[in-house]
1. Excluding residues on the same chain fewer than 8 positions from Lys164, give the lysines whose Cα lies under 25 Å from its Cα.
2. Can you give me the % of accessible surface on the range 53-153 that is carbon or sulfur? Probe 1.4 Å, all protein chains present, nothing else counted.
3. Only helices at least 27 Å long along their own axis, judged from Cα atoms, and with Kyte-Doolittle mean hydropathy of 0.0 or greater: name those in the chain from DSSP H.
4. Which FRET efficiency value, to the nearest 0.05, is calculated for Asp92 and Leu180 with the Förster distance at 25 angstrom and r the Cβ-Cβ distance?
5. Which of the trypsin sites (Lys or Arg not before Pro) across the range 65-163 are loop residues per DSSP, with 13 or fewer other Cβ within 10 Å?
6. How would you classify the range 64-164 from its alpha-carbon gyration tensor, with a ≥ b ≥ c the square roots of the eigenvalues: rounded for a/c under 1.5, else prolate if a/b is greater than b/c, otherwise oblate?
7. Per the Cauchy relation, a quarter of the hull surface: what is the mean projected area of the convex hull of the alpha carbons in the range 1-81, in nm²?
8. What do you get for GluC sites (Glu not before Pro) in the range 98-194 restricted to DSSP loop and a cutoff of at most 16 other Cβ within 10 Å of the site's Cβ?
Amino acid sequence: MSRLERLLGELESFYGRLPAPPTDPFTLFVWEVLSVHSPPRKRDAALGALKRVRALTPDAMSRVAQKKLEESVVLAGAYLEQRVRALRSGVDVFRRSPRLPAVIRGPLPAARRALEALPRMGEDGAYRMLLFAAGHLVLPVDVRLGRVARRLGYGGQQADLTRKARAIRNALSAELTGTLDAYRRAFVYLDHHGAATCTEGDPHCGVCPLLPDCPEGKARTLAGGQLK
């Protein structure tokens, strides 16, 4: 068992079974739009409301009444107008490109190019789409996962953000078993840990199950919560 797999086991014991992002491409796109500036509780409430009004396919969302769409999406919090606009734009992309789900499951370069047409995705969202909806062995390195990995000593000290993400991705991938489940599990638990415990400004090192393996956590603890 690699160090990373052992750490993931500690996180799974600490948090219990965590839900993964959707694996249907359109539902995952909607999930991404609802996730921006929204806590998981509100995002999931909005996604559940869209499911209840049967608006989680491109054709169904194109037909749903504007009022019902807004009443569902507003449950995610602020930025209602921007979210609705992004969803409508994404619906158009999926309807114009019915082969999009098949394309993103194909060769990686073409898959990445195809995802550029979707609004509100960005690199992090594209990597999540490739991992969860398309089954590619890629590891999304968003801010939360990157922070946890860096504090645990993965990825070196590159200043450039793109190089830093690549270094973290390579270092973590080298310790995974090479299965889709392993990659998905790594993202889910490291990302959740970054949101719930290993936070940016005030990480909860005292309760963190990874503290014995975390150089930065140990330094914070010795310094009374402040890095030297």
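The values are calculated or read from the model by the stated rules, or taken from the named source; none is laboratory data. Please read all numbers here as calculations on a predicted model, not as lab measurements. Methodologically, a virtual Cβ is constructed for each residue, glycine included, from the backbone with ideal geometry; neighbour enumeration extends over all protein chains shown. Each accessible area value is taken on the protein alone, full model and side chains, heavy atoms only, with ligands, DNA and RNA left out. Shrake-Rupley method; radii C 1.70, N 1.55, O 1.52, S 1.80 Å.
1. Straight-line reach from Lys164, under 25 Å: Lys218, Lys228.
2. Numbers: 2550 of 4940 Å².
So the carbon and sulfur contribution to the accessible surface is 52 percent.
3. Working: long enough: none.
Helices meeting the span and hydropathy rule in the chain: none at all.
4. Details: r = 30 Å, r/R0 = 1.20.
Here the calculated transfer efficiency is 0.25.
5. Values: sites: Lys67, Lys68, Arg83, Arg85, Arg88, Arg95, Arg96, Arg99, Arg105, Arg112, Arg113, Arg120, Arg128, Arg144, Arg147, Arg150, Arg151, Arg163; in loops: Arg99, Arg105, Arg120.
Here the sparse-neighbourhood loop sites are Arg99.
6. Values: a/c = 2.81, a/b = 1.45, b/c = 1.93.
Oblate, because a/c is 1.5 or more while a/b does not exceed b/c.
7. On the way: hull surface 26.5 nm².
Dividing the Cα hull surface by four gives the mean projection, 6.6 nm².
8. On the way: sites: Glu116, Glu123, Glu175; in loops: Glu116, Glu175.
Here the GluC sites (Glu not before Pro) that fit, given the DSSP loop and packing criteria, are Glu116.
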